[in-house]
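Take a look at the structure below.
No lab work stands behind these numbers, since they all come straight from the coordinates. Model, not experiment: these values are computed from the prediction. Cβ atoms come from the backbone with ideal geometry, glycine included; neighbour counts cover every protein chain shown.
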Amino acid sequence: MSFSVTETSSRVKWISGTLVITYALITMIPLVWIMMTSFKTPPDSISYPPKVFYEPSLEGYVNLFTTRTRVSPETLASLPPPENFAEEIVRNRDMVIAGPSKFSGRFLNSVIIGFGSTFLSVFLGTLAAYAFSRFKIPLADDLLFFILSTRMMPPIAVAIPIFLMYRKLGLSDTHLGMILLYTAVNISLAVWLLKGFIDEIPREYEEAALIDGYTRFQAFYKVVLPQAATGIASTAIFCLIFAWNEYAFAVLLTSGTAQTAPPFIPTIIGVGGLDWPAIAAGATLFLLPVMIFTVMLRKHLLRGITFGAVRK
Amino acid sequence: MEHCNVAEVELKNLSKSFGDQVAVIDMNMTIDNGSFVVLLGPTGAGKTTTLRLISGLEKADAGNVLIDGRNVDIETPAQRDVAMVFQQYSLYPHLSVKDNLAFPLRSPILKTSKSEIERKVTEVAEKLQISHKLNNRATELSGGEMQRVSIGRALVRDPAIYLMDEPLSSLDARLRADLRIELKRIHSELGSTLLYVTHDQIEAMTMATHVGVLQDGKLVQFGSPREIYEDPNSVYVASRLGLPRINILPADLFESMASNSGTIGLRPEHIAYGKGEPATVKRVEQLGDQTRLHLDFKGHAITALSPDGNPFAVGSTVKIQPENPLCFDDQGNRVAGSIA
Ligand SMILES: Nc1ncnc2c1ncn2[C@@H]1O[C@H](COP(=O)(O)OP(=O)(O)O)[C@@H](O)[C@H]1O
Ligand SMILES: [Mg+2]
């Protein structure tokens, strides 16, 4: 058996691998529990001791997307047979579907506001970071510090001024208002992260393009952007996660047209008692977009793809 | 590359500092049509800065750059019509070799047609022997191949002048030798104007039609390689060229010298054997094509070339006498000197 200084031995690898996987499993328990609950029936979800094995049901999802009313057994018997599985599930509880719930609208709001503010933060952040990285800007260090300082207290500390300001400006409960708010919170992170990435791209790349007849903007677009893709992707994920999960401002500033999913999900109360499967179903669906987005961009998250064509 | 766009480039009193750091001072130089000018100087001498001033990536503090008689001070790098090979970071890692080569041709200024791009890229790839790598990503090349591609990126264009910043410095000796010959051949084929920057005296001697020697941002001598070698105007310039290096010795070391100068510069060919004063052979270095002698002469080390047949053994005594050495004053400037 040979030993190498730079290569970890297989035993160390095995132990660290086991530790990481164990930790990952522990942190995933709440997540798995929520997903499991979303497929339980309401009685199963509150049974004691908690059920780990149960017969899966879509009742939570049906309840999430519908509003229902209780009807008398006679009326129920007089109805035509159920048209689909949702109707069937609901009738088993002596109820009929009264109409769609607000969930899909709130979910769509989350998508618009989350992705909108992410796009805006990354777009503005990239331009600002490029300028800070490449041009001589008077007081650049002070400006960068100022940008960072906007995150030195919790954003919610300024909730009341923002609330009053938004009411005056008519931005309360609007998509635009929430997009601007989340962009304002995210922009400092975006500028700082992206500046780090752009600083690492050698200027010679752009200079070569300038000499070859490209304009500054074309050099930025054709040379800097593709090489900053890694940084842009990870910045976008951070921004999206914040905007997607934000709760406090959403509660304060939205109530109807622009309400996002986080303040909405806890308000799903079933007829008689909390409808845990429906809440869990909302949480599960709410997880998906960020997960998909992250998986889509994961290639860019592995750094080092674009760094290495450098002559050493 | 049928017709050729060649131009004369002129630097007039060009100066550039970065804060307190002087990079280029008061540089005057004329680069003739079709010449291959090599700027020679150690790291920090201002070579890169000179190229950046010509290409327009830096703004001069004072002085002008003239390309084809046209003052280009207010022109952008694109308008100046120059091509540059950078010392580092030459290829775009996100593009294939082919796209890297085509990149300059696709610029809004050149707007080359598809078929023309295809033709030029193929031609240059063949010239540089990288045709088989055209579809590789730039990151999948060896150092030598990367360097060929970055030279190729300049060659696909037909600029007024090619600027090359130590393009061979990162390569191993064999590749360097190959590419030296290649570059020289390409230059004579194209007949273009080329300004090449290096700290390697062999590159300067073998490729240049003119050599400029830089010292701390100053152009201290400009001339043909022979002129610079045979007639250097200072100790500094004399030490830049020649292997083994020129021996700088006190002028009064040899009895035969009329000591009107501070030091003398003794190249190996300035040493005659068999007459004069005795020196001790300290070490004999066999390099294959030549044999170097390390001599001790009155406490001074002298490096010389052994005459054919290497008649000297370590420890033996040999008589040497300077013949037509270069004479310098106390400041290291060349003075007329003679030998008795
Ligand atoms: N962007 C810069 N900022 C500050 N100093 C610089 C800059 N570029 C070059 N210099 C300085 O100018 C001098 C000449 O540099 P350079 O032209 O790169 O030399 P060379 O290419 O011959 O090694 C060096 O002392 C260097 O430190
Ligand atoms: Mg340099």
Lysines within cross-link reach of A:LYS13: Cα-Cα under 26 Å, excluding same-chain residues under 8 positions apart? A:LYS299
Dimensionless Rg ratio for chain A, taking C-alpha atoms and the 2.2 N^0.38 Å reference: 1.32
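Can you give the FRET efficiency to the nearest 0.05 for A:THR215 and B:ASN324, using r as the Cβ-Cβ distance and R₀ = 56 Å?
Working: r = 58 Å, r/R0 = 1.03.
Given R0 = 56 Å and the Cβ-Cβ separation, E is 0.45.
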More than 39 Å apart - percent of Cα-Cα pairs taken over chain B: 27
Burial ordering of B:ILE246, A:ILE15, B:ILE25, fewest other beta-carbon atoms within 10 Å first: A:ILE15, B:ILE25, B:ILE246
Find how many whole Å separate the alpha carbon centroid of region B:60-76 from the alpha carbon centroid of region A:35-100. 81
Order of B:ASP289, B:ASP32, B:ASP158 - criterion: other Cβ atoms within 10 Å of each residue's Cβ, fewest first: B:ASP289, B:ASP32, B:ASP158
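Between the DSSP loop rule and a limit of at most 16 other Cβ atoms within 10 Å, which GluC sites (Glu not before Pro) in region A:149-213 are left? Mind dumping the intermediate values first?
Values: sites: A:GLU200, A:GLU204, A:GLU206, A:GLU207; in loops: A:GLU200.
Sites meeting the loop and neighbour criteria: A:GLU200.
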Using the count of nearby Cβ atoms within 10 Å as a rough guide to exposure, how do B:VAL314, B:VAL65 rank from fewest to most? B:VAL314, B:VAL65
Give me log10 I(q)/I(0) at q = 0.15 Å⁻¹ for region B:112-158, Debye formula, one equal scatterer per alpha-carbon, no solvent. -0.35
Gyration tensor on Cα atoms of the protein assembly as shown, a ≥ b ≥ c root eigenvalues, a/c under 1.5 rounded, else prolate if a/b beats b/c, else oblate, says prolate
Each label point is 7 Å from the Cα along the Cα-to-Cβ direction; what then is the distance between the points at B:ARG70 and A:THR69, in nm? 8.3
In nm, the gap between the two label points placed 7 Å beyond Cα toward Cβ at A:ASP173 and B:LYS275 is 11.2
Local charge sum around A:PRO266 (other residues, Cβ-Cβ under 12 Å, Lys/Arg +1, Asp/Glu -1)? 0
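Take every Cα pair under 8 Å in region B:248-339 that's 6+ residues apart, average their separations, divide by the length, and report that relative contact order as a whole percent. Write out the running numbers ahead of the final one.
Values: 190 pairs, mean separation 32.2, N = 92.
Relative contact order comes out at 35 percent.
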Students often forget the sequence filter, so: which lysines lie under 23 Å Cα-Cα from B:LYS319 once same-chain residues fewer than 8 apart are removed? B:LYS275, B:LYS282, B:LYS298
